[in-house]
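The values are calculated or read from the model by the stated rules, or taken from the named source; none is laboratory data. Here the structure is a predicted model, which means the values were calculated and not measured. Glycine gets a Cβ as well: all are built from the backbone with ideal geometry, and neighbour counts include every protein chain shown.
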Amino acid sequence: MKTTVGPTTVKFPATVTDKHTSWVRVGLLAALVLVVYFDILRRLVGQWWNDDNYSHGFFVPLFSAFVLWQERERLARIPRVPSWLGLPVIIGGLGTLIAGVLGVELFLSRTSLLFLLAGMVIYFLGWPFFRGILFPWATLFLMVPIPAIIFNQVAFPLQLLASRIASGLLETVGVPVLREGNVIRLPSTVLEVVEACSGIRSLVSLATLAVIYGYLLEPRLERRVILVLAALPIAVIANALRVMGTGLLGYYWDPSKAEGFFHLFQGWVLFVLSLGMLFGLHGAMNLLDRWRGKVPRNK
């Protein structure tokens, strides 16, 4: 590029001006997306702040950003091949946004941003680059609360399972129990395993921590998958133990002590116990490897 000022010709490197123009375009596009999604993101952050079950949402985008930063050298080597195939993904993301707003479905409107980002990456940088960031992109779905339709379908079976396990444990320690569905009748009190005790909410938080833990401390993909899948039985067992503990408090101490502070305190203790079970599983897998004489492969 040349600019003539009188008799003097000044030359500017094309790469500098191109990079400057690209950053300006990226900034304008990011500002436009922020304007469109501002209210949706504001409500999402508000739910993270007010609902302890989804407070892990604050850490998910930070973790994704950390993964991108850690992989920055590998990503820099991926050739940029812009693809028109990103345009249908962008249109699909915007369509999902419209459907979510018109249908008052928060999950659709929130996840539409992720599909929009995927389409933009494919359109401007290409499929190879999107494949390179697939893991941190997919991780972002963990910051979005579970849709109501899935929550309602999964919560009740988990309530029944937690109540069944808790009843069996109470009978094992000598407490008379009569279970009717998700209601556990004791001589001194009646326990109802409600949605909050189903384990589905702690499951999401535990699965998120399993993803982060597996990425940071486990180099093998198959072991990371095992750790994430183990979050389901661990969450169910932990919540069954919480119900059992509530029953023991009501039977041996005071039914009123089974609620309030002690019930909440049990939740924190058992979540820590869940983390301990997850770490213990990983330790057992590593111990088994050492026993077999295997050495983990590098990342």
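Counting residues in the stretch 84-107 that are surrounded by 15 or more Cβ atoms within 10 Å (Cβ to Cβ), of a type in the set (S, T, N, Q) and in contact (Cβ under 8 Å) with a residue 40 or more places away in the chain gives zero. For the stretch 274-282, the criterion of being of a type in the set (F, W, Y), at pLDDT 80 or above and surrounded by fewer than 22 Cβ atoms within 10 Å (Cβ to Cβ) is met by at least one residue. Highlighted here are the helices (runs of 4 or more DSSP H) found entirely within the stretch 94-187 that include at least 1 residues which are outside the structural domain of Y54 (by TED's automatic domain parsing) and farther than 30 Å from A76 by Cβ: 148-172.
Does the stretch 151-174 hold any residues that are in contact with a Gly (Cβ under 7 Å, 6 or more places away or on another chain) and buried (at least 19 other Cβ atoms within 10 Å of the Cβ), and which are they? Across the stretch 151-174, the qualifying residues are L158, A162, A166, L170.
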